[in-house]
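Here is the structure we will look at.
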Amino acid sequence: MAQESPKNAAAEIPVTSNGQLEDSHEHSFNRDLKRSLPVGLGLAETKITSHGFDSTKEGVVEAGPFPGSSASPKSSVISPSSAVASRLAGQGGRAQQKSGPVVLADEVKNPAMEKLELVRKWSLNTYKCTRQIISEKLGRGSRTVDLELEAQIDILRDNKKKYENILKLAQTLSTQLFQMVHTQRQLGDAFADLSLKSLELHEEFGYNAETQKLLAKNGETLLGAINFFIASVNTLVNKTIEDTLLTVKQYESARIEYDAYRTDLEELNLGPRDANTLPKIEQSQQLFQVHKEKYDKMRNDVSIKLKFLEENKVKVLHNQLVLFHNAIAAYFAGNQKQLEQTLKQFHIKLKTPGADAPSWLEEQ
């Protein structure tokens, strides 16, 4: 145990609370230090630097020329004690934790900023389209026109107004016929009652009662045919044609946007070309291309819908007009069989009066 290493001897140096060596152990410390120093290095050529606990050089023995010595400096350093080394390592670890690299998370998108950007784009697009519409109405701006497609759209709108008028008149006829049938049924019941109570006019009242009941029955058959005609024309006008006109409105909106961005691009191309205007021209060209593709797509959609609408309209109106004609002709000719045959031809089922009313069991 007498041959201890120099590191262990240095680790047993007692230090007071203010960092000064105790005087009682100074002699033994100098002796151990002489053993650990390299050969040729005297004690007079060393100095001990001892600071407080907060210093990072605590316990370091520096070798060098002592004041007043003429010997050349020797480069020899004694390692710090294990306790000091562990404390230094702890302080260094805390310093690394405090000064370590900071990883920034990805920037979170703000929903409010996204909405604000959408509002800005919508406002800019609305302004451009409004300016284009005003310019067209004042005769200052140019517009893109497809003559063939525009003519078909005008014919469709004109036909829709005429079909709506036919629908309105047919509904009026249905209402009046319903009132007439209701009146004929009541009149037949009145004749039948008088036929039972008036023995002198029993036969006359009976003939009229049967006639009015037959007219009411034929009127109900005709009413079923007219209502079927009204339902089919109403579907054609208010659903099929209206759906096509909705696509036409989208096409017209796309056309206005296309002309608005086309006008902007033309104005920029007429102006000077420099570092400030070239990015604007490029951006305007991209927006113009986007709206041009949208306009071409909507124009193609309108053309296809107009074609299918025309085919469907001819087929539907052909059947409905034949039904209306045959039913009216058979009714006023008094041909009950022909009237019933017409309804069977078009698969029309008449509703029995009171059939929709719930039974007394359902009411309970």
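Only the coordinates and a few stated rules stand behind these numbers; no lab work does. Keep in mind the model is a prediction, meaning the values are calculated, not measured. No Cβ is skipped: glycine too gets one built from the backbone with ideal geometry, and neighbour counts run over all protein chains shown.
Strictly over 24 Å apart at the Cα level, which of LYS249/LYS297; LYS137/LYS307; LYS217/LYS337; LYS249/LYS305; LYS239/LYS292; LYS294/LYS315 would you flag in this model? Checking Cα-Cα distances, LYS137/LYS307; LYS239/LYS292; LYS294/LYS315 exceed 24 Å. Once Lys and Arg get +1 and Asp and Glu get -1 on their Cβ, which of ASN165, LEU223, MET180 lies farthest toward the positive end of the dipole of region 104-244? The residue sitting most towards the positive pole is ASN165. Here is the list for region 141-223: GluC sites (Glu not before Pro) lying in DSSP coil, each with at most 10 other C-beta atoms within 10 angstrom of its C-beta, are GLU200.
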